[in-house]
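The structure appears right after this line, and notes come after that.
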Amino acid sequence: MYPMPNATLLRFVATAALVIGHSALVIPEARSAPQVTATAPIKNFRLPTFTTEGFRYTMLRAGEARLPDPSRVDVLEMELTLFNGLADEQIDSMLAAPSASFFPQKRLATGSSTVRLERRDLTVTGADWSYDHAARVITIRRDAHITLRATLGNILQ
């Protein structure tokens, strides 16, 4: 995880407060996920992606996944880990939700249930969400809450 400079943290908080949960997650580009189909549910589903240099980029884990077509993955008990994309493969953030739909080619994830975004410096929770990996933006439409674990310094002066 990278420490977030105060200016970046303040920009995040202001954006999240004004737009109900948008956050910029800075992570490098990765290759597209492979196309996979299955007719039966897949238990203990794992779908990693890697950078062009071969470093871990994301890891999608789910208790169960269904692949109705190559463009969509529906999951239960979802955990999406976002890595920094570098050789040290440090975790940047994690998204967790009881259910979600992923669109690997578009690099989008959505869910109507709750979601939890964890970073070293903050936690964001809410419901009715979407995550655009290409834009590095999470949108929470209902019940958004932000918990900061970073010092803000003298921002009131």
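The values are calculated or read from the model by the stated rules, or taken from the named source; none is laboratory data. Model, not experiment: these values are computed from the prediction. Ideal geometry is used to build each Cβ from the backbone, glycine not excepted, and the neighbour counts take in all protein chains shown.
Test residue 63 against the criterion of being more than 14 Å from the chain's Cα centre (by Cα) and part of a loop (DSSP other than H, G, I, E, B), and give yes or no.
no
Does segment 78-91 include one or more residues that are of a type in the set (S, T, N, Q), exposed (fewer than 15 other Cβ atoms within 10 Å of the Cβ), in contact (Cβ under 8 Å) with a residue 12 or more places away in the chain and not in a strand (DSSP E or B)?
Of segment 78-91, the ones of a type in the set (S, T, N, Q) are 81, 84, 90.
Then keep just the ones that are exposed (fewer than 15 other Cβ atoms within 10 Å of the Cβ); that gives 90.
Add one more test, that the residue is in contact (Cβ under 8 Å) with a residue 12 or more places away in the chain, and what stays is 90.
Subset that is not in a strand (DSSP E or B): 90.
Yes - at least one qualifying residue is present in segment 78-91.
Go through (1) surrounded by 15 or more Cβ atoms within 10 Å (Cβ to Cβ); (2) modelled with pLDDT under 90; (3) among the small types (Gly, Ala, Ser); (4) closer than 22 Å to residue 71 by Cβ for residue 97 and report which single condition fails.
The one condition residue 97 does not meet is (2).
Does segment 126-141 contain any residue that is surrounded by 15 or more Cβ atoms within 10 Å (Cβ to Cβ), touching a helix residue (DSSP H, G or I) at 6+ places or on another chain (Cβ under 8 Å) and hydrophobic (A, V, I, L, M, F, W, C)?
No, that holds for no residue.
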